[in-house]
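Report on the following structure.
The values are calculated or read from the model by the stated rules, or taken from the named source; none is laboratory data. Small disclaimer: the values here were computed from a predicted structure and weren't measured. For neighbour counting, all protein chains shown are included, and Cβ atoms are generated from backbone atoms with ideal geometry for every residue, glycine included.
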Ligand code: APR
């Protein structure tokens, strides 16, 4: 599924984030930036050991923030390490922190001249964020950022399974109906 906001596109695909050929891919990292499982493990495995050698010099990353590194053996030139929140049901802060992780990732991309970025579904795995709550936050934050920053031309959400893809498709369809800036392709 694909929509556009002015000249920029948001697209949803099912696949593996490590195989994306966008200029940057976003890692669902933790605050240590020293690797982990899920997306984090897959990206470190695919990028090779020099990625950890670099991320271990970055001094960690706060929840809701993002830091950039090289991509090494990955197709992508850069990895943007974003730290999403651990989901807590009645904590209103988690939505703000999840939005912030996406916004900071796009700000970091902009700061480094990156115009095409691929995101995983941050916080929806180990960190337990329900897909139907995370998808509207991820997509709404991205659409708002693209409206104000035309330098970013493509944001691709790479969903690992059909359930995640369906959740993001439903959220993007809702956004197309509610936000006049979001036009179906
Ligand atoms: N490509 C795309 N998506 C993937 C991939 C992959 N190769 N592997 C897993 N996913 C999906 C998961 O199915 C989930 O929907 O990415 C989403 C995020 O899951 P996690 O990787 O568990 O990330 P998160 O929930 O943000 O938890 C972060 O997990 O791996 C550790 O070090 C990491 O402590 C951090 C925590």
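For the reader, a short list of remarks on this structure follows.
- Residues of the range 143-171 classified as touching a strand residue (DSSP E or B) at 6+ places or on another chain (Cβ under 7 Å), over 21 Å from residue 42 (Cα atoms) and within 16 Å of the ligand (Cβ to nearest atom), total: 2
- Taken over the range 1-34, the criterion of being under 22 Å from residue 144 (Cβ atoms) and within 8 Å of the ligand (Cβ to nearest atom) is satisfied by 28 alone.
- Only one of 83, 3, 26 that is crowded, with 21+ Cβ neighbours inside 10 Å and without any contact (Cβ under 8 Å) to a residue 60 or more places away in the chain: 83
- The set of residues from the range 35-49 being more than 6 Å from the ligand (Cβ to nearest atom), closer than 14 Å to residue 76 by Cβ and touching a strand residue (DSSP E or B) at 6+ places or on another chain (Cβ under 9 Å) comprises 43, 44, 47.
- For residue 118, the requirement of being under 19 Å from residue 8 (Cβ atoms) and modelled with pLDDT of 95 or more is met.
- Entry remark, the range 144-161: residues being over 14 Å from the mean Cα position of the chain (by Cα), assigned to a loop (DSSP other than H, G, I, E, B) and under 14 Å from residue 104 (Cα atoms) number 1 in total.
- When the range 104-128 is filtered for residues that are in a helix (DSSP H, G or I) and either crowded, with 18+ Cβ neighbours inside 10 Å or within 9 Å of the ligand (Cβ to nearest atom) (or both), the ones remaining, listed by number, are 104, 105, 106, 108, 109.
- Checked against the criterion of being more than 19 Å from residue 11 (Cα to Cα) and crowded, with 17+ Cβ neighbours inside 10 Å, the candidates 137, 43 yield just one match: 43.
- Lone unmet requirement of (1) within 16 Å of the ligand (Cβ to nearest atom); (2) in contact (Cβ under 8 Å) with a residue 24 or more places away in the chain; (3) over 24 Å from residue 19 (Cβ atoms) for residue 135: (3)
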